[in-house]
Structure formats: structure tokens, C-alpha cells
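Following: one structure in C-alpha cells, then a few remarks.
The values are calculated or read from the model by the stated rules, or taken from the named source; none is laboratory data. The structure displayed is predicted, hence computed values, not measured ones. Every residue, glycine as well, gets a Cβ built from its backbone with ideal geometry; the counts of neighbours run over all protein chains shown. Just the protein is used for accessible areas: all its heavy atoms, side chains included, with ligands, DNA and RNA removed. Shrake-Rupley method; radii C 1.70, N 1.55, O 1.52, S 1.80 Å.
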Amino acid sequence: MTAALGLDTSNYTTSAAVCRADGTGLNASKLLEVREGALGLRQSEALFQHVKALPERLRELEAQGMLRGLSAVGASTRPREAEGSYMPCFLPGASLGESLAAVLGVPFYRFSHQQGHVAAVCWSAGRLDLLDRPMLAWHLSGGTTELLLAVPEGRNVHCARIGGTTDLSAGQLIDRTGQMLKVPFPSGKALDRLSQFSERKDAFRVRLQGLEFSLSGVENQVRDRVAAHALPSDVARFTLLTVASAVVRATRAARRQYPGLPVLCSGGVASNTLLRRALEGEGAVFADGAYSTDNAMGTAVLTLRQLGQGD
């Protein structure tokens with residue numbers, strides 16, 4: 001059976017995935033280690049950890065019999081499609097992928113991390129048909145909060161930024177809130193759990209200009225609440241409701257500009273309970289939680305599509 005291997009080495013996760021022509025697949029991931037109290041990794045440290053972690057990800061796939069009969073290899077080689085988009089952490093996956101393709105005598109395909117996120121949601125939600133039509137797609141992660149206009153481009157998907165934050169990403173705000181509350185990094189899951197113990201409904205209404213908004217002022221609001229000894233659960237809920245409110249308002253504005261387009265949410269922040277609940281009314285398409293966070297499945301899906309397979 002035709003199958004494709006995808007590799008993704010982001011700033012926080014090492015992952016390898018295989019997608020088969022029958023629609024089945026498997027992703028093997030490892031979260032990078034971040035020093036306690038830190039708010040991320042330097043690129044040199046992320047690159048080093050990826051080099052060490054990649055062989056084990058492939059062994060996990062091989063143990064499940066997923067590496068047999070590969071017809072193509074793909075990798076995320078840059079954060080997004082924009083000119084000059086580059087991060088050293090993508091080099092290990094790109095280098096290994098190209099080397100494996102040469103050894104196997106199969107094609108090698110390059111994609112952006114963002115394209116992979118969008119495709120992973122489509123695959124996980126059972127909506128690969130969305131890759132063949134225009135859609136609005138959010139990429140909500142530790143370093144990115146962008147609203148994209150995603151349109152088919154051959155067997156690939158082209159993502160163009162049309163809105164999002166002008167400063168802090170949603171993930172950065174969540175992680176900085178987590179640091180103030182002394183929960184582990186990355187803080188998304190911890191804040192999600194904490195927020196469930198609060199019934200507060202207050203959120204900061206950020207200013208929306210077109211399809212863009214700023215989250216930098218929200219950090220000061222959070223700091224004031226922590227200084228005033230607000231309950232951690234209330235602080236967590238305030239941060240998450242503020243992010244959800246901004247995303248929903250921008251989504252509604254985008255749907256007025258681009259009527260009839262489906263809405264898709266990708267990235268680790270898209271796994272948040274309150275955000276998902278808020279966007280249910282917008283008919284948004286989400287991945288299973290494991291495929292919202294950084295993973296290589298979308299890259300494997302896109303690689304398979306280059307062969308005319310995997311629809």
C-alpha cells in the first residue's frame with residue numbers, strides 16, 4: 001500500500017508520522033525538554049534535542065510496521081510560506097527527510113510547518129475535502145496567532161495571512177500567565193485544567209482593527225490580578241476567555257468578508273476547552289487534541305497527496 005513519511009521538528013516537538021493511501025496513519029512525537037521556569041528554548045538547544053530525538057521517533061513507527069513500502073518522504077522546512085521565513089530547528093527534520101528519500105530512491109517534498117498544521121486538522125477531523133476548497137484557518141500556537149486564507153494550490157494548500165495578533169501570540173500570553181501562576185511550561189494544559197474550577201465570565205475586550213488585534217495589554221491585566229491575589233483558577237479563566245473572545249470576534253469579521261467559507265482551527269492553543277466551546281457556534285472544524293499540537297501527520301498527508309494519493 002502506498003504510504004508517505006512526514007517529519008516535523010518545531011521549536012517544541014520532534015515528530016514523525018506515516019500516512020497511508022487508505023487514510024490510516026500514525027504520529028510519533030516527543031515534547032522537547034524546557035528548563036523549569038524558562039519560557040521556551042533557544043534555537044540551538046531545540047536543534048540539538050531534535051537530532052537526539054528523531055531516531056527514536058522512527059523506531060516507534062517501525063515497531064508498528066509503519067515504515068514499510070514508503071513511496072515518498074516530506075518534511076517541514078520553515079515556519080510559514082512567507083519569503084524569508086526560517087528557523088534553524090527545522091533543519092534536522094529537513095536534512096534527515098532528504099537523506100532518507102535519497103537512500104530509498106523516492107521523492108522528497110518540502111512544506112511549511114503551518115501547511116502541516118492545517119492538513120493535520122483536515123485529516124484528524126475526517127475533512128480532507130477541505131484541502132480542495134478555500135477556507136479560513138487559524139494557526140494558534142506558542143509563537144503564532146494568525147488567521148489564514150487557505151486555498152488549494154495543486155495538490156498542496158497555500159496559506160496567506162489575513163489577520164491575527166500584531167504582537168503577543170495567544171500561546172505566549174498563556175505561557176506568560178502560566179509563569180506568573182508557577183505552572184509548568186508549556187502552560188496550555190495546566191491553564192485549561194485550572195480554568196475549569198472557575199465560573200467567572202469576565203474577559204478583557206481587546207480592540208479589533210479589521211481582522212487584527214493586540215494581546216500585549218492583556219498581560220498587564222493578568223499581572224494586576226496575580227498581584228491582587230486573585231484565585232489562580234480565575235486568572236487562568238480570564239486569560240483563556242480573553243483569547244477566545246478575540247478569536248471569535250475576528251472570525252465573525254472574517255466570515256463577513258469571506259462569506260460561505262468553512263473555518264478551521266489548528267495549533268496547540270486550538271486544543272483549549274473554552275476556545276473550542278466558544279467557536280462551536282461558528283461551525284469551526286477542530287482536530288483531535290493530539291493533532292492540534294505540533295505533529296508531523298499533516299506533512300505526511302501533504303506528501304501523500306503529491307503522489308496523487310490520500311484524498
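Rounded to the nearest 20, the Cβ-based charge dipole of the chain about its Cα centre (Lys and Arg +1, Asp and Glu -1) stands at 500 debye. With bins 20 Å wide beginning at 0, the percent of Cα pairs of the chain falling in each bin runs 35, 56, 9, 0.
Using just its DSSP H runs of length 4 or more, each adding -39500 (n - 2.57), the chain gives a mean residue ellipticity at 222 nm of -12500 deg cm²/dmol after division by all residues.
With all protein chains kept in place, the per residue accessible area of the chain amounts to 43 square angstrom at a probe of 1.4 angstrom.
Think of the chain as having a plus end and a minus end, set by charges on the Cβ of Lys, Arg, Asp and Glu; of Ala75, Gly178, Pro92, Gly178 sits farthest toward the positive end of this dipole. Calculate how many DSSP beta bridges within the chain are antiparallel, expressed in % of all such bridges and rounded to the nearest 5. Here the antiparallel bridges make up roughly 60 percent for the chain. In whole percent, how big is the carbon plus sulfur part of the accessible area of the range 192-292, probe 1.4 Å, protein atoms only? On the range 192-292, the fraction of accessible area on carbon and sulfur atoms equals 49 percent. Largest accessible area first, the listed residues Phe286, Phe204 line up as Phe204, Phe286 when surface is computed with a 1.4 Å probe on the assembled protein chains.
Database remark: amide H of Tyr109 closer than 5 angstrom to the amide H of Val73, Gly74, Ala75 (H placed geometrically; neighbours at sequence offset of 5 or more, or on other chains; Pro and chain starts carry no H). Our note on the geometry: Cα centres of the range 87-109 and the range 131-162, 24 Å apart. With kT/(6 pi eta Rh) evaluated at 10 °C and eta = 1.306 mPa s, and Rh the Kirkwood radius from Cα pairs, the range 194-311 diffuses with a coefficient of 98 µm²/s according to Stokes-Einstein. With all protein chains in place and a 1.4 Å probe, the accessible surface of the range 10-77 carries 51 percent carbon and sulfur. Per the Cα gyration tensor, the range 171-259 maps to an equivalent ellipsoid with semi-axes of 25, 13, 12 Å, ordered largest to smallest. Descending by average beta-carbon neighbour count within 10 Å, the peptides 74-85, 12-23, 164-175 line up as 12-23, 164-175, 74-85, the highest first. When +1 charges are put on Lys and Arg Cβ atoms and -1 charges on Asp and Glu Cβ atoms, the dipole computed for the range 176-294 relative to its Cα centre reaches about 260 debye.
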